[in-house]
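Engineer: I'd like to ask some things about the structure below.
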Amino acid sequence: VRAPGDRAAMERAIASLHEQLLDRSKPLWDLWILTGLEEGRVAIYNRCHHACLDGMAGQAMIATIMDVTVEPRAVEPAPADFFTRNDDQSFTQLMAGAAESFAKFQAKQPLAAFKALETSARLFRRTFDPSKGLGAVRDGAPSTRFNKAVEQKRTYVTGELQLESVRNVAKVTQTKVNDVFLAAVGGGLRRYFERSGELPKASMVAGCPVSLRQPGDTNPNNQVTMMMVSMATDESDCGERLQTVAQSARTAKGFTQDVAPSYDAEISLPGLPAAFEAGVRLLEATQAPNLPGVRPPCNVVVSNVPGPNLPLYMAGASVLTHYPVSIPAHGQGVNVTVQSYNGQLFFAVTACAKALPDADALRDDILAAFDELKGRYDLPRVSAAAQQPEAQKAAPEVVSSTLEAADDQSKAA
């Protein structure tokens, strides 16, 4: 980065790197070191294909390349042949592994059929239970310019929030830390689209990745599903917006609890990879999200990934920030991800430049929306008498053990 590079220069450099395809002839990850930043700082930009790991596995990976003390730990050197040996499996080994996976998948199908029936029954009851419902899944999402086919060019900006302030707002309003962040993003989206006259009449919907990973599971794979949460962008009052988001999130977690037992990430069917590839190529060729009448399942992806809650170091240097970089996709050209680190929340907006050319404007709108919540609800400013009405608005929450574990991790972070 041209010295002395400020935050905006770092963000532009990362956006430029994020546009580049990973080299398919090598393992699907790379790591860049950005120098020239102001005050002698150095940035580490690491990316890994989502086929290799999900957000929680990525946090576990961070622990392998960072230290918890200023003094770097001793690391065993790689074997002498590590960079020259060929570990590729033979065709026979690949076929044997595929046959084994197929046999295991077929053996699970009788039990999977019973689980599918149970899931169908739960969803049927939920559909007609006024205390539960389907929430944003039933309501659907309006179409916006975020929800078109994405192009290569990216925009990327970063921001941070004091975790203590977010917790204070959550405590006063009887909501969750994640609810408060979602409400801030919802308020930011409302400000952004209202300013340009593009605000949809119906509330925008966020697709929120939910980890199904059990506590302590650090396997480098994908164990994640998606829940749909209303962003309450049709609500002008920040307090009402927060309560609407919190209620929608409770409904979404209950819905996810009902369908999670039928979730199976280890599918093994002949021709499935080829079918996926053909589907993606058809999507690229037709630019399907741009076709008239196509409604997206969600308008924006908002992800919350619990990160390290203690200071980290790299080669003796302190890790000052922990910004995420995420993935825009066809139909969802804007991604907002937040990670916790050492008492702060670090978030970033990663977007298709055509969908969101002015990502810094949305970032500033999100910060302004949180300041509005903070001004009303930050604990030192609110009396106990004022807290009671908000507490009465919050309905009890029922979540599965896996979702409770994920929420506990967020609280710990």
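Engineer: Could you please find all residues in the range 350-366 being crowded, with 18+ Cβ neighbours inside 10 Å and among the hydrophobic types (A, V, I, L, M, F, W, C)?
Structural biologist: Result: ALA351, CYS352, ALA353, ALA355, LEU356, ALA359, LEU362, ILE366.
Engineer: Do we find a residue being within 22 Å of ILE267 (Cβ to Cβ) and either among the polar types (S, T, N, Q) or in a helix (DSSP H, G or I) (or both) anywhere in the range 76-90?
Structural biologist: yes
Engineer: Taking into account only those residues within the range 169-211 that are aromatic (Phe, Trp, Tyr) and in contact with a helix residue (DSSP H, G or I) (Cβ under 9 Å, 6 or more places away or on another chain), which is surrounded by the most Cβ atoms within 10 Å (Cβ to Cβ)?
Structural biologist: PHE181
Engineer: Something else: Within the range 53-76, which residues are open to solvent by less than 60 Å² (accessible area, probe 1.4 Å) and modelled with pLDDT under 80?
Structural biologist: LEU53, ASP54, GLY55, MET56, ALA57, GLY58, GLN59, ALA60
Engineer: I've got another one for you. Please name all residue pairs, on different chains or six or more residues apart, with Cβ atoms under 7 Å, provided the first residue is in the range 19-35 and is farther than 23 Å from VAL1 by Cα and the second residue is part of a loop (DSSP other than H, G, I, E, B) and of a type in the set (A, V, I, L, M).
Structural biologist: The qualifying pairs are LEU28/LEU22; LEU28/ALA51.
Engineer: Continuing with the same structure: Can you tell me which residue among THR256, THR321 is modelled with pLDDT under 85, of a type in the set (S, T, N, Q) and either open to solvent by 20 Å² or more (accessible area, probe 1.4 Å) or closer than 28 Å to ARG126 by Cα (or both)?
Structural biologist: THR256
Engineer: While we're here: Report, by residue number, each residue of the range 286-314 that is open to solvent by 60 Å² or more (accessible area, probe 1.4 Å), under 20 Å from PHE347 (Cα atoms) and not hydrophobic (A, V, I, L, M, F, W, C).
Structural biologist: ASN309
Engineer: Next question, about the same structure. When both residues are 6+ apart or on different chains and their Cβ atoms are under 7 Å apart, which pairs have a first residue that lies in the range 258-277 and is among the charged types (D, E, K, R), and a second that is modelled with pLDDT of 85 or more and open to solvent by 60 Å² or more (accessible area, probe 1.4 Å)?
Structural biologist: Filtered contacts from the range 258-277: no entries.
Engineer: Report yes if some residue within the range 330-349 is open to solvent by less than 60 Å² (accessible area, probe 1.4 Å), among the polar types (S, T, N, Q), closer than 30 Å to ALA63 by Cα and assigned to a loop (DSSP other than H, G, I, E, B); otherwise report no.
Structural biologist: Taking every residue of the range 330-349 in turn, none turns out to be open to solvent by less than 60 Å² (accessible area, probe 1.4 Å), among the polar types (S, T, N, Q), closer than 30 Å to ALA63 by Cα and assigned to a loop (DSSP other than H, G, I, E, B).
Engineer: Restricting the first residue to the range 123-142 and requiring it to be touching a residue at least 24 places away in the same chain (Cβ under 8 Å) and among the basic types (Lys, Arg), which pairs with a second residue that is outside any helix (DSSP H, G or I) and surrounded by 14 or more Cβ atoms within 10 Å (Cβ to Cβ) meet a Cβ separation below 7 Å and a spacing of at least six or different chains?
Structural biologist: Going by the 7 Å Cβ cut-off, the qualifying pairs are ARG126/LYS132; ARG126/GLY133; ARG126/LEU134.
Engineer: Could you list, in sequence order, the residues of the range 11-48 that are closer than 22 Å to VAL338 by Cβ, in a loop (DSSP other than H, G, I, E, B) and at pLDDT below 90?
Structural biologist: none
Engineer: Here's another thing I want to ask about it. Pick from the range 49-69 the residues that are more than 19 Å from the chain's Cα centre (by Cα) and not in a strand (DSSP E or B): which of them is farthest from PRO328 (Cα to Cα)?
Structural biologist: Result: THR69.
Engineer: Follow-up. Limited to the range 114-142, what total is found for residues that are within 20 Å of VAL205 (Cα to Cα), open to solvent by 100 Å² or more (accessible area, probe 1.4 Å) and not in a helix (DSSP H, G or I)?
Structural biologist: Count: 1.
The values are calculated or read from the model by the stated rules, or taken from the named source; none is laboratory data. In this text, all values refer to a predicted model and were calculated from it rather than measured experimentally. With ideal geometry, Cβ positions are generated from the backbone for all residues, glycine too; neighbour counts draw on all protein chains shown. Heads up: the accessible areas ignore ligands, DNA and RNA and are worked out on the full protein's heavy atoms, side chains in. Shrake-Rupley method; radii C 1.70, N 1.55, O 1.52, S 1.80 Å.
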